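First comes the structure, then the notes that go with it.
The values are calculated or read from the model by the stated rules, or taken from the named source; none is laboratory data. From a predicted model like this one, the values you see are computed outputs, not experimental measurements. Glycine gets a Cβ as well: all are built from the backbone with ideal geometry, and neighbour counts include every protein chain shown. For the accessible areas, the whole protein counts, side chains as well, though only heavy atoms, and no ligand, DNA or RNA atoms are used. Shrake-Rupley method; radii C 1.70, N 1.55, O 1.52, S 1.80 Å.
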Amino acid sequence: MLADDMACNPRNPKPATVFSHKNMELNVYGDDVEVDYRSYEVTVENFLRVLTGRIPPSTPRSKRLLSDDRSNILIYMTGHGGNGFLKFQDSEEITNVELADAFEQMWQKRRYNELLFIIDTCQGASMYERFYSPNIMALASSQVGEDSLSHQPDLEIGVHLMDRYTFYVLEFLEEIHPASQTNMNDLFQVCPKSLCVSTPGHRTDLFQRDPQNVLITDFFGSVRKVEITAGALALDRDVAALESKFPEEELATEPLKYAEQLPVAQIIHQKPKQKDWHPPGGFILGLWALIIMVFFKTYGIKHMKHVF
């Protein structure tokens, strides 16, 4: 879920890119970034529905959280917030109570095995105070009563590029590989107060395992665990029967034809087409006629030359 209002913002000097550092080395909006909910789809209702699975049957798989009781879930949230709430799109808020109840529904419906919650906002620790469901580990960028500060000012566009906590967490995660033995205790120490200015916090009392025994790769950059079975697996559908039902000549179709299109680079740099001139509408002509009549009646014909 992403507001997605930065990559193509008119103030962005490099369209379709978002950088985490002013040296512009790491594009965090690259080709491997998939946005399932963007713009006006990013609402508190949609967020809670995705977590709890209460979504319409017509919702595509890309907009579903397809998890079960063996899934490790990572939830990262950032934005403007305060004591016990986080703002969505500057128009609505999600509270720590709503979030805690949604996690409890997930646990009751067996939608996760372990859940890692990370939030980067002002007074972030207030968002995990109401959690009561098992197997949740939570991290926040600041304590109650503290602000979370930004980082990496860009003088060209006049704003900061990232938050301090997110910047140092991302820098830490860039060094993690699938075989890494780095554990959660290392993540807790990523951004001390000397770097973040605020005081990051974490909560582990609901988590059943010792954080020292929880690898970072259990939630970040992991390799999916595969269960190997010795027996054969019977498919529900008979592929051979389907093939015999539709002869090969009936399945053959004409090759798809695509309209000729300029390369993306030429589309971006091509000059916009000049708009055709159209005569002004009747309202504009009538307005000008009224102005001229009032001017003539007030000042007389000798001043008409000033109009033209």
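Would you mind getting the accessible area per residue of segment 69-218, heavy atoms of the protein chains only, 1.4 Å probe, in Å²?
Heavy-atom accessible area per residue stands at 48 Å².
Could you give the length gained by full extension between I228 and K14, i.e. 0.36 nm per residue of separation minus their alpha carbon distance, to one decimal place? Kindly include the intermediate steps, with their values, before the conclusion.
On the way: separation 214, 0.36 × 214 = 77.04 nm, distance 4.71 nm.
Roughly 72.3 nm would be gained on extension.
Over segment 24-67, with the other protein chains present, what is the accessible area per residue in square angstrom, probe 1.4 angstrom?
70
Could you tally the net charge around R38, taking each other residue with its Cβ under 14 Å from the Cβ of R38, Lys/Arg +1 and Asp/Glu -1?
-4
Two decimals is fine: what's Rg over Rh for segment 69-218, C-alpha atoms, Kirkwood radius as Rh? Could you put the intermediate results ahead of the total?
Numbers: Rg = 15.6 Å, Rh = 16.0 Å.
Rg/Rh: 0.97.
Based on the Cβ-Cβ distance of S150 and M24, what FRET efficiency does E = 1/(1 + (r/R0)^6) give at R0 = 22 Å, to the nearest 0.05?
0.80
With a 1.4 Å probe and every protein chain kept in, tell me what percent of the accessible surface of segment 69-218 is carbon plus sulfur.
The computed percentage sits at 46.
With only Lys, Arg, Asp and Glu charged, each at its Cβ (+1 for the first two, -1 for the last two), find how big the charge dipole of segment 69-218 is about the Cα centre; round to the nearest 20 debye.
Approximately 460 debye in magnitude.
So what's Rg/Rh here for segment 12-63, counting alpha carbon atoms and using the Kirkwood radius for Rh?
On the Cα set of segment 12-63, Rg over Rh gives 1.12.
Share of antiparallel DSSP beta bridges in segment 69-218, in percent to the nearest 5?
Percent antiparallel among DSSP bridges in segment 69-218 is about 55.
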